[in-house]
Each structure stands twice: as C-alpha cells, then as structure tokens.
1. What helices (runs of 4 or more DSSP H), lying completely within segment B:16-131, carry at least 2 residues that are of a type in the set (D, E, K, R)?
2. Being out of contact with any helix residue (DSSP H, G or I) (no Cβ under 8 Å at 6 or more places or on another chain) and within 13 Å of chain B (Cβ to nearest Cβ): is that true of A:R209 here?
3. Given the options A:V136, A:V188, name the one that is part of a helix (DSSP H, G or I), within 14 Å of chain B (Cβ to nearest Cβ) and either within 15 Å of the chain's Cα centre (by Cα) or surrounded by 18 or more Cβ atoms within 10 Å (Cβ to Cβ) (or both).
4. Suppose we keep only residues that are outside any helix (DSSP H, G or I) and either within 17 Å of the chain's Cα centre (by Cα) or among the hydroxyl-bearing types (S, T, Y) (or both) within segment A:24-72. Which one would you say is nearest to A:A202 (Cα to Cα)?
5. Looking at (1) under 20 Å from B:S180 (Cα atoms); (2) acidic (D, E); (3) not in a helix (DSSP H, G or I), which is the only condition B:E135 fails?
6. Is it the case, given these coordinates, that B:A81 is free of Cβ contacts under 8 Å to residues at least 24 places away in the same chain and within 13 Å of chain A (Cβ to nearest Cβ)?
7. Out of the residues in segment A:86-119 that are of a type in the set (S, T, Y) and surrounded by fewer than 20 Cβ atoms within 10 Å (Cβ to Cβ), which is farthest from the other protein chains (Cβ to nearest Cβ)?
Amino acid sequence: MEELFFIQNDVAPALWKGLLVSIRLIVPSAVFGLVIGVFVGVLRVFGNPFLTRLADLYVALFRGFPLVVQLFIWYFGLPHIGIYFTPYVASVIAFSLCSGAYHSEYVRGALLSIKRGQMLAAKSLGFSKIRMIRHVVLPQAVRRALPGCGNEIIYLIKYSSLAYMITCIELTGQGKIIASETFKYTEVFMIVGAVYLVLTSAAAWGLHRLEARVRIPGFQH
Amino acid sequence: MSEKKVILRAENLTKRYGDKEVLKNASFSIREGELKILIGPSGGGKSTLLQCINFLVRPEAGRVWLDGREVLYHRKRELYAYRQKVGMIFQDFNLFDHLTAVGNVEIALIHVRGMDREEARTRASSELERVGLREHMEKYPAQLSGGQKQRVSIARALAMDPVVMLLDEPTSALDPELISEVLSVIRDLRANGMTMIMSTHQIGFAGELADEILFMEDGVIVETGSPKKLFSQAECQRTREFFLKIVEIYGESR
C-alpha cells in the first residue's frame, strides 16, 4: 500500500514532468537530425570534392566523439569562448548533430543504391542536378533509408537520457533525483525504463506504419 | 522538291576513357523526319555516340548543332534546354521506380517545363494513350512488362515535344514477343515525321525503315549508306562480314 502511495504521490508527478522534457528533447532533435542527415548524405554523394570532404569530416567527428563528451563541450566548453547555451538548447544541438551524422550514413547508402540509369533518364529530360536529386533520387532514397533512420530515432529516444548529465532534467534525471532521495533505486528505475520502452515501442509502431504507407509495389526489389 | 533542313549535326565527336578512345571523330547530320540507324558490334561506340549527342557523356572534343545553332553545352541552362528538345530512349527503360506510368510521364512536365499539375496530367495521359497504355496509367514500373515499360519511356520522352529522338537499342532487353509492340510504336513515330537516330540489332526493321544506316566499329563510323547499299554492296570488307553475320542471326529484312 505504502509503495503505491509513494508511486502515486512522489514518483508519477516527477516522472511526468521529466517525460515532457524528454519529449521536448526528442522531437526537435529527431527532426533536425533527419534534416541534417538528408542534407549531409546528399552532399557526401553528390557534392563537389570540397563539400564532400567537409561532410565526411563532420561525420567522422560527430560519430567518433562520445556523445557525453559532445554534450560537455557544448555546455561546459563553449562558455570559455563566450558562447552560452541553456542545458536544453545544448542538448538539442548535441543530439541533432550526432543523430544527423548517423542518419547521413543511412541516407548515403540509400542514395548509392539508386540506379544510375534513372539519373541519366532524368538528365536526358532536362532536369538540373538539384531538381533530379529532389524529385527523382531522394523520394526513392528516403524510402530505402527509412528502416535505418527509424533505428537511429529509437536510439535517440534512449540517448536523450544523457541530457541530465548537463543538468537538463528529463525523465532519467527526475528518476535519479527521486531515487537518491528515497533510496528506492530499483523501483524508480524500473518505472523509468518501462516509460522508455513505451516510447520506443510507440516510435517503432509509428515508423512501421509510415513504411507501410509509403510502400510502392515492387520497389523493395 | 527542296531538301529538308538539317535538324542535328555533330562534328568530330571524340571520347576517351583513359587511354582507350571509344569514339573517334564521329560526324554525321540528320534532316527533318529522317531515321538513321546505327549498326555495329557491341562495344563499338554506338551508345557512347548517342550519349555524347546529348552530353550525358561529355565528349573530349567535338561540336553539336541543333537547328543550325551550336549547342554550348558548358553552359548549364543551355544544356538543360537542349536536352529537353532531344528525347532519349534507353535499352533498360530507366523508368523512375517510385512513380506510376503517368507519374513518369508528367514529372518532367511539372518540374522541368513548369506546367501546372492538371495540365501535365492531361498531356501525360494523352501521350500514354498514344502508345497504347491507357489502361495501365496507374501502374508502377514493377507491374508492367518490358514492352510496356519501354512504351512508357517513349511517352515520357514524347511529352517534352522533342525535335529529335535518340534510341539506344530500345528492344535489346525485351523478350522476342514484346519487341514488335515497341517497334510498331517507333514505326508510328516515323510515319508521323519524328526525326530519330536509333541503334539496334533489328536488321529487318533497319532495312525496312532506315533512310540511312551507319555502320560503327571500334568507335569509328566505318561506312554510311542506304540499307540497300549496305546490305548488298558495302564498300568495306568488314561491313560486308558483319551484315552477313547479322542477317544470318536475325533474318533477312521482312
């Protein structure tokens, strides 16, 4: 009985607050990450040599640095050169850039899978390179990249929990506060874990629906 | 009657891949309404020549004129405008896999010519009707047969109102039974006065319809002449051998 009251009165409101912060972190990071990923993926395949190198460098850096380290740099490091971000903004920037690097890899793979002949056909009809990418290549590549990108979004939901390390108190952060006040680590983190499981399951379901909606006969080989 | 005007002229087109010259000083011209057919062994430069004409492959040297105006293909805008006037048909159809038949035909009308969607749809439908695909407009490429796919690609090219069409072995990837449906569309185009350059191994078709046959080998246009001349009294020994072989395989002209 005591347990239930504890959950209802202390845990639930705090975790609810944390959950809202988590969602406010995840949604924009997922959107920006995807936009960056598509843009960088296109540059890596179709850019001029200079831009391609630059994009490769971006991916190497943001995929190579541990995400916690990136968060620390955005939040603790940049103030030394006079750039200040709130914990929330620093987190969204770090998540978007990291996520974008991974997305770009999936997008790049998908772009490379589009048959060259279709690009020749588009050019022969008078398409400029940019219009060809926009109207012929990307609509196909995005469909092919969707499973990989969905995977990355599910990762993002989980690694958004790192935001509490730079004092952006989201779901995990709230859980940690309650747990250390009450020493009920097991109970609290089981609940926190379950909430993430619900989030990732919902995302997986949504992504699956999306894949089904944009499916084209015979396109998946 | 005065000669029809020259629509397309190419001079000294040359293309190298590394040390290998795959196209050597190829020159030709084609008049309004003519059908010229490129014949020759695979790897002889037929595809390269066709792709150099609309600069899908950048030639190392050579010039091209359309309607008497030189194509300044280093200028992007000019190149894109030029390509709209030169329709191209590929051996592998190269339809856009994510679009229906009608989507394939209208996409360039919308995004290249800037037509509004409704107008583009109307135009695309009528082009598909012209190639006999009215019932298949909403099908995706994967749901069409090879012959149907090739006819969609012809409709797609025609929708841009090209003044000349380049056909790169349009029937080579087709089952024998489907070849005739594509050839009959090309025959109709010819009857309606479309100017075309086509590479093919369909010797019968070439004999029946070509105004002129260009025999190509090792990147060189070896010999040019009417089908009659090339079939029976080619000047070049190599041309004679090739025609003997190909007639043996594909049959005499019908």
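The values are calculated or read from the model by the stated rules, or taken from the named source; none is laboratory data. For clarity, every value in this text was computed on a predicted model and none was experimentally measured. Backbone-built Cβ (ideal geometry, glycine too); neighbour counts: all protein chains shown.
1. Details: elements: B:46-53, B:76-85, B:101-111, B:117-130.
Per the criteria, B:76-85, B:117-130.
2. Working: out of contact with any helix residue (DSSP H, G or I) (no Cβ under 8 Å at 6 or more places or on another chain): yes; within 13 Å of chain B (Cβ to nearest Cβ): no.
It is false that A:R209 is out of contact with any helix residue (DSSP H, G or I) (no Cβ under 8 Å at 6 or more places or on another chain) and within 13 Å of chain B (Cβ to nearest Cβ).
3. A:V136
4. Filtering segment A:24-72 down to residues outside any helix (DSSP H, G or I) leaves A:47-48, A:65-66.
Right, trim to either within 17 Å of the chain's Cα centre (by Cα) or among the hydroxyl-bearing types (S, T, Y) (or both) and you get A:65-66.
Numbers: A:F65: 29, A:P66: 27 Å.
Within segment A:24-72, the match that is nearest to A:A202 (Cα to Cα) is A:P66.
5. Just one mismatch for B:E135, condition (3).
6. On the way: free of Cβ contacts under 8 Å to residues at least 24 places away in the same chain: yes; within 13 Å of chain A (Cβ to nearest Cβ): yes.
So B:A81 passes the test.
7. First pass over segment A:86-119, keeping only residues of a type in the set (S, T, Y): A:86, A:88, A:91, A:96, A:99, A:102, A:104, A:106, A:113.
After this cut, where a residue has to be surrounded by fewer than 20 Cβ atoms within 10 Å (Cβ to Cβ) as well, the list is A:86, A:88, A:113.
On the way: A:T86: 42, A:Y88: 38, A:S113: 11 Å.
Among residues in segment A:86-119 that are of a type in the set (S, T, Y) and surrounded by fewer than 20 Cβ atoms within 10 Å (Cβ to Cβ), the one farthest from the other protein chains (Cβ to nearest Cβ) is A:T86.
Residue-by-condition table, conditions (1) at pLDDT below 95; (2) touching a Lys or Arg at 6+ places or on another chain (Cβ under 9 Å):
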site	(1), (2)
A:S99	no, no
A:A110	no, yes
A:A122	no, yes
A:S128	no, yes
A:M132	no, yes
A:V137	no, no
A:V142	yes, no
